[in-house]
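Notes to accompany the following structure.
The values are calculated or read from the model by the stated rules, or taken from the named source; none is laboratory data. As the structure is a prediction and not an experimental result, all values here were calculated from the model. FYI the Cβ positions are ideal-geometry reconstructions off the backbone, even for glycines, and counts take in every protein chain you see. Areas reflect the complete protein model, heavy atoms only, side chains present, ligands, DNA and RNA absent. Shrake-Rupley method; radii C 1.70, N 1.55, O 1.52, S 1.80 Å.
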Amino acid sequence: MTSDRLPSLGRRGEGWVVAQFVLGAAIVVLGIFGFAWPDVVARWFTFAGVLLGIVGLALFVQGITALGPSLTPFPRPSEAATLRERGVYGRVRHPIYGGVLLLALGWSLALSPLALGATALLWVVLELKSRHEESMLLERYPEYAAYRDRVRRRFVPGLHASG
């Protein structure tokens, strides 16, 4: 599916934001109220989940800090936004989304397998939202195409490159 065929879900992409927050709430609720992992793996999954959560939080904070006043939850860049290509954005194009996904995965691993389903759906929503966002960034910043070619990682530095 190409970016130009993705729905905008509102003038600034408000529907994408609603979808990600609904799924985030579902992940939290399923983690708290869903059944726990079997005892044989619970300790290891909790350990892995906490580590992923720490990495995710660091990536999330770096992304927010680097954007500064350009930060918006919407896919459409704000009028005052400038393109960021340095720091964490020199290694990954969407570190905030990557941080959110690692936090969600860490939470799911630490607490309940039921939350993994909502985490997978959140990944799909953020993948599609980022594609829609990148189509708007290309319109706004002609140099975005070269940046996207140079920075191959979409969400998490060091993981498989995804266009």
Exercise. Do we find that GLN62 is touching a residue at least 40 places away in the same chain (Cβ under 8 Å) and part of a helix (DSSP H, G or I) in this structure?
Worked result: no
For this session: Please enumerate the residues belonging to the stretch 1-54 that are of a type in the set (Val, Ile, Thr) and surrounded by fewer than 17 Cβ atoms within 10 Å (Cβ to Cβ).
Result: THR2, VAL18, VAL22, VAL28, VAL29, ILE32, VAL40, VAL41, THR46, VAL50, ILE54
Exercise. Looking at PHE74, is it within 13 Å of the chain's Cα centre (by Cα), in a loop (DSSP other than H, G, I, E, B), more than 23 Å from PRO157 (Cβ to Cβ) and of a type outside the set (Gly, Ala, Ser)?
Worked result: yes
Exercise. Inside the stretch 132-146, can you point out the residues that are closer than 14 Å to VAL92 by Cα and buried (at least 18 other Cβ atoms within 10 Å of the Cβ)?
Worked result: GLU134, TYR144
For this session: Could you grab the pairs with beta carbons closer than 7 Å, sequence gap of 6+ or different chains, first residue in the stretch 82-97 and without any contact (Cβ under 8 Å) to a residue 24 or more places away in the chain, second one assigned to a helix (DSSP H, G or I)?
Result: THR82/SER70; ARG84/ALA66; ARG84/LEU67; ARG84/SER70
Seminar exercise, completed: Being among the hydrophobic types (A, V, I, L, M, F, W, C), open to solvent by 40 Å² or more (accessible area, probe 1.4 Å) and over 22 Å from GLY49 (Cβ atoms) narrows LEU121, LEU128, LEU103 down to just LEU128
Seminar exercise, completed: Across (1) in a helix (DSSP H, G or I); (2) over 26 Å from ALA25 (Cβ atoms), ARG153 clears everything bar (1)
Problem set entry | Per-region count, the stretch 62-84, residues open to solvent by less than 70 Å² (accessible area, probe 1.4 Å) and either in contact with a Gly (Cβ under 8 Å, 6 or more places away or on another chain) or modelled with pLDDT of 95 or more (or both) | 5
